Structure formats: structure tokens, C-alpha cells
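One structure below.
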Amino acid sequence: MERLIFEPEHEQFRDTVRRFFQREIGPHAEKWREQGFVDRSAYKKAGDLGLLLMWADPAYGGAGADDFRYEQIVSEENSRHGDLGFYIHLHSGLVAPYIGGLGTEEQKQRWLPGCISGDTILAIALTEPGCGSDLAAMRSTAVDKGSHWLLNGSKTYISNGQISDLVIVAARTSATESHRIGLFVVEAGMAGFQRGKRLKKMGLEAQDTSELFFNDVVVSKENVLGDPLKGFQYLTSFLAGERLVAAISSMASAQTAFDITLEFVKERRAFGRAIGKFQNSRFVMADMRAKLDAMQTFVDQCVLLHNRKDLSGDTAAAAKYLASELENRVMDECVQLHGGAGYMSEYRISRMFTDARVSRIFAGSSEIMKEIIGRKLGLDERKMN
């Protein structure tokens, strides 16, 4: 289906981005999966082409492209022709906006140029052992010592945990109020900051996921983003964008799986004819096509709302929930249509199946997304009792 949200300049940009991922990222995917992390050079090459933090002001080296459709295109082409383990969307669309939106002029001048060039790789550390999506239950603490903050705690499941140069760490700044959280920028090499083991996962083998430990890390006041008591509000305000990024990635992966499977069912034969000619195959493919087109339209609409700064938290939650659920249903159907080949790791659809499973968990699980949507409907048990 033709997607009406893009202008000719977007399609020209997509051609350039597609060639980049086909030449510079896709060919290295197998190596990165084997070693468990993406080479730093991938970020540098993306930076050289101007694909990182495209929204950033030219004063810091950015393109000043205040149009999220460009970020959308990069994410889509990475899913199709690169490798999902290359977390360019986390770097540019999830973490860097905290610096761009909350940072002082001094902080932006200090950090954004390196993030834009690809010399500085970003991560964000929220999740802790035992608390998952419940930020109010976090145990990491930051104590104001006057001239600096003293940070202690541990984080887990941190994307880019091994290769990152700057990590935005959320920690409690009040001993009595659980929603008093600060955001602290921890730099590689700071005393007391340690990276734990790289965690083995079901999928996304090229994307390093790690434990991080903070033992009496001295964080200067110049490394605090915004008000150290308002981190919870900051995190909430940035979540809509994060969930939209997740929805975009889910849809791109689902569409790629569909395309791969369409070619497969046209070529693979059983009982003397292509398996795509069987009614069941046709019906399954038709059902996926219709659902993908409908969901893509919704996600595209959310991108336009985000451009207008009108994307609400519950709408973003709905997009993330529906897109990730559809992605996983599509992956399952596509593996089934591949038959035994779909279970073999040498086939891309097998790897995509395991890569997709986490999309219903990260950026807020499907269950949390339904809670957010339900509360917006006035169905919050805390207020109804």
C-alpha cells in the first residue's frame, strides 16, 4: 500500500539510507552476532553520513531536521537491510533527546557533537534487578554531597551497556519519596563505574545487553540533567517518543518478514506446485497483508502527531502494544509457512522470530501498555475504589 506521509525528499533520503545499510551494516551482521556486539565503527560511519541525531541543531553538528519521518526512515531501513542489533534508534531517538531536551547549553556543547559524529555512544540505565518497569521501586540512590552527587546501585538489561561512552542513570534522590528521581550522566572511566558481564539472550545477539554497577561514583553537578528531583516526570514525558520508536521498528520487522515469506512461498514447492498456491497459504498471507497495512497507517499517523508535539502517552502506548503484538503474530505465521526451513538458523526468518520476541517486553510490556490505555479510559482501580 502506498504510504501517503512521505514527500519526494523523504524517498530520496530513503534511497541513500538503504544503500548505507546494505553496504555498511548488513554485511557485518553475522560477525556482530557471533561476537555479541556491534563494532564502534558502525556508529562512526553513520555519523559521517549524518544519520545520527538528525534533529539536533547545526550549532552542535546536527542537520536541524525537526521532522521525525527522517528518523523513521533510518529505523525502517536498518530493520530491512541492516541489523536490529545496531541500536541506532536507541542512540539517536531514545537517549540523546534527554540531553537535547534537558541539557544546559554547556552540557549540549560538551556532549552532542560526539554523539552526532558517532565518537560517543549512548545508553540509558533504568531497569534494575527485581523492579522491571516499576520505576518507583528502583533502589539506586544518589546523595547530594554539596559539591557533587554520590551514586550507588546496579542496573540490568542495559542496551549498549558494553560499548557506551555516556550512560544516563536514573537514581532516587530522596530517601522517603519514591518518585523523586534524578538523571545523572555517567562517563566511561569514572571511578566506581563498572560494567558487568554481557548477558546472553534469546535473540538480538549483536546488540550487547549488560549489567552495570555504581559504587560510590562521584558525579559532578555539571553531569545532572535538569532538576534532580523531577526525573520521574522527565522519564514519563519522553516515553511517548520511545514507544513510537519501538512501534516503528516492530512494523518494519514485520513487513520485512512478510516480504521474505512472500518470496519463499512463491518458490518453495510441495505436491508439484508452489506452496503459495494452496488456499491456506493465500489466506494467511492475505490476512497478514491487510493487518500490516492497517497498522502501518496508524503508526504513520502517530509519527505525524509526534511531529506536531501532539502524540499522547496512551496513543503511543496503543501503537507500541498493537505493533509489537502484530509483529510477533506475523513472525509466527511466517516461520510456519517456511516449514522446517523456518526453524533453521541459516534462514533469516528464524533469527527474526527470536529477535522479535522481546518487542512485547521492552519499552514497557504489553501488559503495562494495556494498563496505560485502560487508565486513560477512566478505568483506574485506584480512583474507582
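Coordinate-derived values only; no laboratory data. These figures come from a predicted structure and were not determined experimentally. Every residue, glycine as well, gets a Cβ built from its backbone with ideal geometry; the counts of neighbours run over all protein chains shown.
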- How large is the charge dipole for the stretch 8-120, taken about the Cα centre, if only the Cβ atoms of Lys, Arg (+1) and Asp, Glu (-1) carry charge, to the nearest 20 debye? 320
- Message: If I histogram all Cα-Cα distances within the chain using bins 10 Å wide from 0, what percent of pairs lands in each bin?
- Response: 5, 22, 32, 25, 11, 3, 1, 0
- Can you give the calculated 222 nm mean residue ellipticity of the chain, where each DSSP H run of n ≥ 4 adds -39,500 (n - 2.57) and the sum is split over every residue, rounded to the nearest 500 deg cm²/dmol? -15000 deg cm²/dmol
- Only loop residues by DSSP count here, and only those with at most 16 other Cβ atoms within 10 Å; note down the GluC sites (Glu not before Pro) in the stretch 270-356 that meet that. E346
- Query: Got the relative contact order for the chain handy, in percent, Cα pairs under 8 Å and 6 or more residues apart?
  - Reply: 15
- Give K155/K221; K200/K376; K108/K200; K31/K291; K201/K376 a once-over and call out the pairs whose C-alpha atoms are over 31 Å from each other. K200/K376; K108/K200; K31/K291; K201/K376
- Query: At what distance in angstrom do the alpha carbon centres of the stretch 204-238 and the stretch 244-272 lie from each other?
  - Reply: 37
- Which chymotrypsin sites (Phe, Trp or Tyr not before Pro) in the stretch 263-332 pass both tests, a DSSP loop state and at most 13 other beta-carbon atoms within 10 Å? F271
- Query: So which helices of the chain fit the span-like rule, where a helix is a whole DSSP H run, its Cα atoms reach 15 Å or more along the axis, and its mean Kyte-Doolittle is at least 0.0?
  - Reply: 231-267
- For the stretch 48-107, with only Lys/Arg (+1) and Asp/Glu (-1) charged at the beta-carbon, what is the dipole magnitude about the Cα centre, in debye rounded to 20? 180
- Among F258, M295, Y98 - extreme Cα towards positive end, dipole of the chain, charges at beta-carbon: F258
- Query: So how much slack lies between I361 and T236, counting 0.36 nm per residue of separation and subtracting their Cα-Cα distance, in nm?
  - Reply: 43.3 nm
- Task: Would you mind checking which residues have amide H under 5 Å from I163's amide H? H placed 1.01 Å from N; only 5 or more apart, or other chain.
- Result: none
- Message: Could you work out how much longer the chain between D119 and I373 gets when fully extended? Use 0.36 nm per residue separation minus the Cα distance between them, nm to one decimal.
- Response: 87.6 nm
- Task: For the chain, set up a Gaussian network in which alpha carbons nearer than 10 Å are linked by springs, and say which option among F13, F37, F68 fluctuates the most.
- Result: F13
